[in-house]
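The structure under discussion appears below in the form of structure tokens.
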């Protein structure tokens, strides 16, 4: 459990003055995750909003060592940094304990960076991978990704006269990562600071790779007022749209479970990207989405039972 | 570059070019090696992995899942201040392309042996220079080796060149796939201690691991600064051309070798000359010797460094020549000849008394080039010298039309 008083004493590693939007989920995620350790941290970032908005030369918002290399390779890059650290430590050239974290968006993690991420997990580097998941290529202007949910309207899978937006299901990246049998895997959400910081603490503490898939909303892409980020994030959790789970050494468990799951429509309705689903002709799609959520929830319940 | 043993105490070992490079890497003992297998480079990483497994080096190896990740990990490792190496060929180099540019622009002194192999398609595993020639504008220093001995020595020299404080650029150490990489020759191995002393300790100026002085690597760089940073990269390459000879001189002094930016073979009174890279230069020397016996004033220029391009040295070497042929082991489709040909032709533009210059494309996909092919080129040059007439500016040599 994180203690908010103690957390407030950890210096900000992502400082103010960056150019992310007000109400952006990425900076909230990054700041909370970086509260997960009091050790020095080296940050790697994939190309994306978090990268472009925090480091426009000659400025940087990073008050901690930071490296950006390219879009698809943050895991490989940080694996190189971590290995260099081990090599130099072995030779006595470094004696501090340093932690390593890679931030990739959903595009950089679910899609283009999946291979590099999988490779780094399989090799067992001691680092934390954070997918700050805003469910589309928001940085290039709201294009569909493997994380975009069914029914969402994006600029490359827009809703139209004969389309209800993305017809496919989003990929279950968290399960894919869990299949690597790494020591720690979790899903969390920026609305639940205690959950996210506690999971980050666990992720930094384990020996070997750790992964957290953080729902980090984008009001530009999701089309809701920027002041509503936390409100809508909470709805994602309360409707079961974003289950708060963790997998510790192969054991699945819910870290938070709503007493009764609200209908997923409560989460979808305030967002412009799902507006078309509430037209009469898309009623069946809305029903399908609820069924998909229920099925995934049941699957997770069974996983929890099976591994307990 | 080196035909006789300079120091009788040195070991002479029968090695393939790949093994010779692995041996250089053992002596360099880099902090980190991130690599992926690809023919014909694989023997480098295999042999080196055995050195790691046997505790002969202190290197941490990253057995990455692709060449893209190999170069990505190298960027992270080098930014963290570790002496970092990888190795690749052809499609592997092509896959890491994006990060090859990033490594150079981040000014990271990574050393990468490249075993030259034809790029797909069609897929082919044998030698040509299309892989590294395609990367000639990436901002890497490129050095080409004629035989396993040179591949061994160039790998060692490359570390000092890359890490030179007035250079700080990554280096590709090229050798011909299979012809050199899998050709066994006696290789003179210098003592481990002497190599260790020559390469020295590497200390990065701004380490990513300096947590007390945090540094940002790889920021977004827009219209207001990007151009200046690219200009600085060009200046680094200009500085490389100035500073490489000093490093080579020190190596020569220490090890009794004769490294240079280019090698000139029987060029003093040459009237006709061939310019060619890597192993084909060895074959050409044989032909030059044979022609010399017949009284033909033939010579050879072997550029060793292609980036930075030793323009002045090549122009000077060609200054007394009447007709010259540039042999390219890669094509540049739609251009007038291969990359070496166009580069040399452009270098000669300001020169008075230019030689007649023709280009040949040869050996693509590992097609053999025989002494008689090279003799044929010299015969063409004799004819051009006599008649002052060029029939074909660029000829495809040894291909079925």
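Given the residues A:69, A:73, A:63, which is the only one that is in contact (Cβ under 8 Å) with a residue 12 or more places away in the chain, over 21 Å from residue B:204 (Cα atoms) and either facing another protein chain (nearest Cβ under 7 Å) or touching a helix residue (DSSP H, G or I) at 6+ places or on another chain (Cβ under 8 Å) (or both)? Outline the logic, then answer.
Details: A:69 fails: over 21 Å from residue B:204 (Cα atoms); A:63 fails: over 21 Å from residue B:204 (Cα atoms).
One residue alone meets the criteria, A:73.
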- Message: Just to confirm my filter: which helices (runs of 4 or more DSSP H) fall fully inside the range B:1-115 and include at least 2 residues that are within 10 Å of chain A (Cβ to nearest Cβ), surrounded by fewer than 23 Cβ atoms within 10 Å (Cβ to Cβ) and within 23 Å of the chain's Cα centre (by Cα)?
- Response: B:97-105
- Message: Of everything in the range B:172-209, what is under 15 Å from the mean Cα position of the chain (by Cα) and under 29 Å from residue B:9 (Cβ atoms)? Give them in sequence order.
- Response: B:173, B:175, B:180, B:181
- Which of the residues that make up the range B:116-147 are surrounded by 24 or more Cβ atoms within 10 Å (Cβ to Cβ) and on the phi > 0 side of the Ramachandran plot? none
- Item | the range A:101-118, residues that are touching a strand residue (DSSP E or B) at 6+ places or on another chain (Cβ under 7 Å) and within 14 Å of chain B (Cβ to nearest Cβ) | A:101, A:102, A:103, A:104, A:113, A:117
- Item | Complete set of residues in the range A:200-230 that are part of a helix (DSSP H, G or I) and closer than 29 Å to residue A:303 by Cα | A:200, A:201, A:202, A:203, A:204, A:205, A:230
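Looking at the range B:218-229, can you tell me whether even one residue there is farther than 30 Å from residue A:68 by Cα, at pLDDT 95 or above and surrounded by fewer than 20 Cβ atoms within 10 Å (Cβ to Cβ)? Step through it out loud before you land on a result.
Residues of the range B:218-229 farther than 30 Å from residue A:68 by Cα: none.
No: the range B:218-229 contains no residue that is farther than 30 Å from residue A:68 by Cα, at pLDDT 95 or above and surrounded by fewer than 20 Cβ atoms within 10 Å (Cβ to Cβ).
Does residue A:75 satisfy the condition of being touching a strand residue (DSSP E or B) at 6+ places or on another chain (Cβ under 8 Å) and over 23 Å from residue A:273 (Cα atoms)? Give the derivation first.
Details: touching a strand residue (DSSP E or B) at 6+ places or on another chain (Cβ under 8 Å): yes; over 23 Å from residue A:273 (Cα atoms): yes.
Yes; evaluated as a whole, the condition is true for this residue.
Residues that are over 30 Å from residue B:109 (Cα atoms) and either in contact with a strand residue (DSSP E or B) (Cβ under 8 Å, 6 or more places away or on another chain) or within 14 Å of another protein chain (Cβ to nearest Cβ) (or both), at least 1 per element: which helices (runs of 4 or more DSSP H) completely within the range B:220-337 meet that? Give the derivation first.
Numbers: elements: B:226-255, B:279-293, B:311-317.
The qualifying helices (runs of 4 or more DSSP H) are B:279-293, B:311-317.
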- Message: Can you find a residue that is within 12 Å of chain B (Cβ to nearest Cβ) and touching a helix residue (DSSP H, G or I) at 6+ places or on another chain (Cβ under 6 Å) anywhere in the range A:14-21?
- Response: yes
- Message: Among the numbered criteria (1) surrounded by fewer than 20 Cβ atoms within 10 Å (Cβ to Cβ); (2) more than 18 Å from the chain's Cα centre (by Cα), which one does residue B:318 miss?
- Response: (1)
- Query: Has the range A:99-110 got any residue that is out of contact with any helix residue (DSSP H, G or I) (no Cβ under 7 Å at 6 or more places or on another chain) and surrounded by fewer than 17 Cβ atoms within 10 Å (Cβ to Cβ)?
  - Reply: no
- Task: Can you confirm whether the range A:28-43 contains a residue that is crowded, with 20+ Cβ neighbours inside 10 Å and within 7 Å of chain B (Cβ to nearest Cβ)?
- Result: yes
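Tally the residues that are at pLDDT 95 or above and either out of contact with any helix residue (DSSP H, G or I) (no Cβ under 8 Å at 6 or more places or on another chain) or on the phi > 0 side of the Ramachandran plot (or both), restricting the search to the range B:4-20.
Kept after step one, since they are at pLDDT 95 or above, are these residues of the range B:4-20: B:12-20.
Imposing the further condition that a residue be either out of contact with any helix residue (DSSP H, G or I) (no Cβ under 8 Å at 6 or more places or on another chain) or on the phi > 0 side of the Ramachandran plot (or both) reduces the set to B:12, B:14.
Qualifying residue count for the region: 2.
The values are calculated or read from the model by the stated rules, or taken from the named source; none is laboratory data. Fair warning: this is a prediction, and the values are worked out from it, not measured in the lab. Virtual Cβ from ideal backbone geometry, glycine too; neighbours counted across all protein chains shown.
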